[in-house]
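Encoded as structure tokens, the structure appears first; notes follow it.
The values are calculated or read from the model by the stated rules, or taken from the named source; none is laboratory data. This structure is a prediction, so every number in the text was calculated from the model and none was measured. Ideal geometry is used to build each Cβ from the backbone, glycine not excepted, and the neighbour counts take in all protein chains shown. Only protein heavy atoms, including side chains, enter the accessible area calculation; ligands, DNA and RNA are left aside. Shrake-Rupley method; radii C 1.70, N 1.55, O 1.52, S 1.80 Å.
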Amino acid sequence: MLFSLSRCLSLSLSLLVPGPAPITGVVVDQSGRPLPRAEVRLVSPASTQGGSTFTDIDGSFRLTPVAAATDCRVEASLSGFRAASSECRTDAPVRLTLAVAPVQETVVVSATRTDAPSGQLASGVTVFDAADIERRQSPQLADLLRDAPGTTVVRGGGIGNITSLFVRGGESNYNKVLLDGIPLNEPGGAFNLSNVTTEIRFTAEGGSFSTARATASVAGGAGRADYSAALARFTTDNDAPNNAFDNTTLSGAGGFTLGRGATLRAIGRMERGRTGVPGQTAFGRPDLDAFFQSHGGVWGLSFDQTTAALHQRASYGLATSHQASTNRTIDPPYTPSFEGRLAPFEFSDFPYDSHTDLRRHHASYQADLTSSLGAAGTHVDTALADWDGERALLSDLLAATSTRASRNNVGVTFQHQALWSRVFATAGVRVEHNDSFGTAVVPRGTATFYLRKGGSSAGTTKISGSVGKGIKEPTRTAIGTSFQRARSASARSARSISISDSHARAARN
């Protein structure tokens, strides 16, 4: 009896002994910004510890060693950064700072709908950061995008006229344009880059052809709040009459930390531009009264919260656009001529005054749940629901006619991401209901596999591929006023595979 009692007492006491304390911390870059999806692992000479995980969206991690953390190190690595390590400790969070390697890595918000390093994506990514914008001195976004691989920018005339972007041979309405998660595309997918600027800091500059730029910005923070605001103005002209371009941009953002991992942020941006349309001045008289005017704004409010393994984001945004194309005066007809040759026809002017007013409401909620399963990898499950309300007013002031159009789009997305040391896979499906084309189911899958992760002298080789479908919706002119089911919308398949090999040699002191 005494022997049995002592065994029970010994077993009860052993159950009260706590297990190894978890190791927590954060992984950041040299500027202090958190690095999501960096691999963190425990390294021990005796290999008695072990285990690995990936950092959350805020760069934080949590590891539970198999045994007490006495003789081990915490090591963090991310493609494009130099690895960093620190001694294991449980009395305070571990902070690991990754320095940028010779081949730079960038954290982007990709089609996975979560922050992800570009090296883990199955698609090509080009990022222009503040340093690039400052160095290139391109006042307009369209001129900056000309340097991106696989892109073609087409402008219908001088600066300020309708500007379209074509990526990898696709149509100009294939591009999804977002500002802090708020979609800016017109109905049908088109987006005019004519007066989108890139000014980010104070500068005043004058140049040839009557070009002038002036910007001013202010930013700061106090306690839990931060803010920034900027005003930019860009004007330019040349020796062609009625070809001046004038643009003004006002933008601002602010945030407030609510506590318990929650933040509330608001953004706003307004642009107003006007450009003259002289016509074909090389072949005859200019049109001195025609002009194109565009102004619009973007406003958004978002709520983010990260608690343990769950990240939530709820947001609302409104994008507005007003475009006016005007030529009210009928100029005398003329016969085009060039270098002494006369055209066999006469050119007649015609008046027009068309206005387009667009509004897009966007509301969404997204939840991301991260699970670390040790050797089975880290898994991120995402559930998303969003709504887009598109409103349009098309007016012909000369004919005194106007057309109103309205369309709603509701979609839900379910996605699973699996992360290992060398493999990153994503599978998802979106169910979308649109007032124009009804309901469509759009699956998508991507995978990236690192054949070689590189070292001090060897490069990095990865294979990536993707397969999926997309939706091409009808334009605002195709949908008309009735918004019946438009068969011009369809789901299209796309497949791609690529092999990339990059070499980076670590610098030696």
*Given the peptides 341-351, 372-382, 425-435, arrange them by the average over their residues of other C-beta atoms within 10 Å, most packed first.*
425-435, 372-382, 341-351
*Compare ARG444, ARG155 by solvent-accessible area with a 1.4 Å probe and give them largest first, with all protein chains kept in place.*
ARG444, ARG155
*Report, to two decimal places, the Cα Rg of segment 339-455 normalised by 2.2 N^0.38 Å (N = number of residues).*
1.91
*Determine how large the accessible area of GLU75 is when every protein chain is in place; take a 1.4 Å probe and give Å² rounded to the nearest 10.*
50 Å²
*What FRET efficiency, computed as 1/(1 + (r/R0)^6) with R0 = 35 Å and r the Cβ-Cβ distance, is obtained for ALA225 and LEU397, rounded to the nearest 0.05?*
0.20
*How do LYS176, LYS453 stack up against each other in accessible area, from largest to smallest, with a 1.4 angstrom probe?*
LYS176, LYS453
